[in-house]
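Student: Below you'll find the structure I mean.
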Amino acid sequence: MTEHHQLVKDCLKGIPAAQRKLYQEFAPQMLGVCYRYTKSLQDAEDVLQDGFVRVFKFLDQYNKQGELGAWIRRIMVNTALNYLKRNQRYQHDLLFEKPELHIASQDDPEIHLNTKELAELIRQLPTGYQTIFNLYAIEGFNHVEIGQMLGISENTSRSQYMRARHLLISWITNTGGNKNTVYARK
Amino acid sequence: MQENEFEKRVRKQMDGFSLVPNEAVWKQVEARIGEEKKRRTLLFWFFGALLLVGGITCWMIESRDNVTTDVSIAKSKPATIISNKAAQQINDTNKTVESISALTKRRVHDNKNLNLNKQTYTTIKTGVRSSVNNEPRSSKETERVLASNTAVATSSLKPSKISSVVNNESKETALHKYYKSTEQLKADSLQRTLEISKKTTLIDTSKAASKVAVIKHHEHKWKLGLTAFCGVSGNTNGIDLISAKSVQADAFYSFSSSPAASAAVPVVIPKLTYKRSASYGFGIFGQKEMGRRIAISFGINYHYFSSKSTIGNRFDSSQSLYDTALQKQTTVKSFYKVGQSSSFNNKYKVIQLPVNLSYRLNKNASKPLLFSLGLSPSFLIASKALYVNRYQGIYYEEKQQFKNFLLFGQSGLLFTALDSKKYQLSLGPVVQYDFNSMSKWQTQTNQHLTFIGIKSNITFK
């Protein structure tokens, strides 16, 4: 923590070596975050770039109370959401349907996929599902917060998440990760 | 929903997920950081240079004005210079004339002796003759000598260099009768000119000096004044200064809950539009002349801005909202839906500290036409304005959407309507523009306050 505080101080002084060090320390993890929200590595790198520019721009607002990684991660998530909203390719995919009947899915399947394969499966979800799944299952936001972040109701968020979850579990268990079969079932 | 094992497993697995970014990403980040830094540095130096250039310009103008004042003083007392020259000439003339007079006296004395010798010689030669008989001859001889002296005097002196001293001396000799008739008149004339010029000089110089002193005293004296202004104000998104059409919540798209996926149409969050509304303000200022045409003023103003927004129905129900943009929990007692059914008057109260440079466009200093340009560091002391919660699609009052510090730029013209001994009343059009957006960056919107109106100043002398 203290090391990070010193790093932040040096970055605020505009020391290039410190800025590079901060980037190198957090960029791989943050690219993983960005990758989960986008459909291509290039988009993920674009988000990463925008995100780190914002990190350095607003670094003076980091209150040093919380963990630096969490603060940067939050900026990355916000940047990714803005990127999705602004990017024409994602806008239509982000439309959410009216909440329908919840799909009761209480399965807790074992995940016999490596991290990369799981990340790829998440990215195969429709953008709306993908976003909500990332926000709820991985970032840990609740549905009220997700609803406010995405401008949808809490119920819509919950419903969309259940559908995303069901779809993902289907891919993992029934089809062994073959998403095409799942889409056909839908 | 109760979190089960699946979410935990996914989260655990994804927490360790990382990818090595392309090296080009860092280079681009570095370049953009550099650009940002350059932009800030450039802005800093721009304002620094602006101040420096402004200061140097004021200093140069002031210096030039001082030179101009000296010249004007000189122009106002040409008689002094002339009289000084004339006095010098007179002195020279006096010396010359004195020497001539001495020479003349000596030669007259010699002539008398000569006449006396001639008389003695005649007496011896022709017998005793009355000394009275010698008078004409003596007189002729004397005239001849004096004529010679006159020639010497006139050849060595310019007529204009003859002073009144000559006049006094000439009274004693016949030579000076000649002078009296020609050159002495000129000398008298010159003397009179000198005296007149001396008198005139005294009057003019003293008047000019006192006038300059008064002017300079007024120029460098701080003058206090009152200001009041009224007009219309509005919000712009930073592009259109005049129309005040307004700010929208950027190009954010709503995630509509459309009835069916097939009928899903992207819904843009309705713009929160702002129409111009009344604005007024008042304050005090101190003004100091920096030169003949430039003045600087400092002041403090209270400025009330307002703008009208068209909105939907009001709902008086308390709601607790988490605003992800501002990242804060808000409890609102009432909120407005999107619509066209009602109007809301947004109010902003600002304390401004204006610094203005004014330049006199016309030559008439008593009724100046001033062009003013300046900056106003300002503080938003109160606001009652709507905030767009783009995630909820509702409007409500939110004080924390704004920054406290604003930087206004202002410009205007001031005509002098009334100029009395005690005060000067001037009025004219004025515009103000808020350079830095009043919205916090988190809101991702731009709101720049504008003001167009009439300003009136009363400056006490």
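The values are calculated or read from the model by the stated rules, or taken from the named source; none is laboratory data. Because the structure is predicted, anything quoted here is derived from the model rather than measured. Neighbour counts run over all protein chains shown; Cβ positions are idealised from the backbone, glycine included. Note: accessible area is taken over every heavy atom of the protein model, side chains too, but ligands, DNA and RNA are not part of it. Shrake-Rupley method; radii C 1.70, N 1.55, O 1.52, S 1.80 Å.
Student: Arrange the peptides B:353-366, B:295-308 so that the one whose residues have, on average, the most other Cβ atoms within 10 Å appears first.
Tutor: B:295-308, B:353-366
Student: Moving on to the next point. If R₀ is 60 angstrom, what is the calculated FRET efficiency for the pair A:Phe58 and B:Ala365, using the beta carbon separation as r and rounding to 0.05?
Tutor: Between A:Phe58 and B:Ala365 the formula returns 0.70.
Student: Summarise the accessible area of region A:118-157 (1.4 Å probe, protein heavy atoms) by the percent that is carbon and sulfur.
Tutor: Taking all protein chains in place, region A:118-157 shows 44 percent carbon and sulfur surface.
Student: Can you pull the mean other chain C-beta count within 10 Å for peptide A:47-59?
Tutor: 4
Student: Right, next: Write down the Å³ per residue value for the convex hull defined by the alpha carbon atoms of region B:308-351.
Tutor: 107
Student: For region B:6-46, what log10 I(q)/I(0) values come out of the Debye formula at q = 0.19, 0.24, 0.35 1/Å, with one point per alpha carbon and no solvent?
Tutor: Each listed q corresponds, in turn, to -0.67, -0.78, -1.02.
Student: Can you check what the net charge comes to around B:Gly299, using other residues whose Cβ is under 13 Å from the Cβ of B:Gly299 (Lys, Arg +1; Asp, Glu -1)?
Tutor: +3
Student: To continue, here is another question. Quick check: convex hull over the Cα atoms of region B:345-394, volume per residue in Å³, rounded to an integer?
Tutor: Per residue, the Cα convex hull of region B:345-394 comes to 144 Å³.
Student: I want to verify the translational diffusion coefficient of region B:399-442 in µm²/s; compute it with Stokes-Einstein, Rh as the Kirkwood radius over Cα pairs, at 10 °C and 1.306 mPa s.
Tutor: Using the Kirkwood radius from Cα pairs, D works out to 120 µm²/s.
Student: Follow-up question, since we're still on this one. Once Rh for region B:273-391 is found with the Kirkwood sum over Cα pairs, what is the Stokes-Einstein diffusion coefficient at 20 °C and 1.002 mPa s, in µm²/s?
Tutor: In µm²/s, the coefficient is 120.
Student: I'd like the mean, over residues of A:132-138, of how many other protein chain beta carbons sit within 10 Å of each residue's own Cβ.
Tutor: Per residue, the average neighbour count from other chains is 3.
Student: Distance check, please: which entries in A:Lys9/B:Lys328; B:Lys399/B:Lys440; A:Lys9/B:Lys27; A:Lys64/B:Lys440; A:Lys13/B:Lys38; B:Lys367/B:Lys421 exceed 19 angstrom between their Cα atoms?
Tutor: Violating the 19 Å limit, Cα to Cα: A:Lys9/B:Lys328; A:Lys9/B:Lys27; A:Lys64/B:Lys440.
Student: Taking a probe of 1.4 Å and counting only protein heavy atoms, give the total accessible area buried between chains A and B in Å², rounded to the nearest 100.
Tutor: For A against B, buried area totals roughly 5400 Å².
Student: Right, another one. Just reorder B:Arg40, A:Arg123, A:Arg73, B:Arg11 by solvent-accessible area, largest first, 1.4 Å probe, all chains present.
Tutor: B:Arg40, B:Arg11, A:Arg73, A:Arg123
Student: What's the average, rounded to a whole number, of partner chain beta-carbon atoms within 10 Å of each residue's beta-carbon in B:348-357?
Tutor: Counting other chains' Cβ atoms within 10 Å and averaging over B:348-357 gives 0.
Student: Here's something else I'd like to know. What does the accessible area of B:Ser372 come to, in Å² to the nearest 10, when a probe of 1.4 Å is used?
Tutor: The accessible area of B:Ser372 comes to roughly 20 Å².
Student: Determine how large the accessible area of B:Ser426 is when every protein chain is in place; take a 1.4 Å probe and give Å² rounded to the nearest 10.
Tutor: 10
Student: Same structure again: For region B:313-461, what number results from the quotient of the Cα radius of gyration and 2.2 N^0.38 Å?
Tutor: After normalising by residue count via 2.2 N^0.38 Å, the value is 1.42.
Student: Can you give me the Cα centroid spacing of region A:1-30 and region A:130-165 in angstrom?
Tutor: Centre-to-centre distance over Cα atoms comes out at 32 Å.
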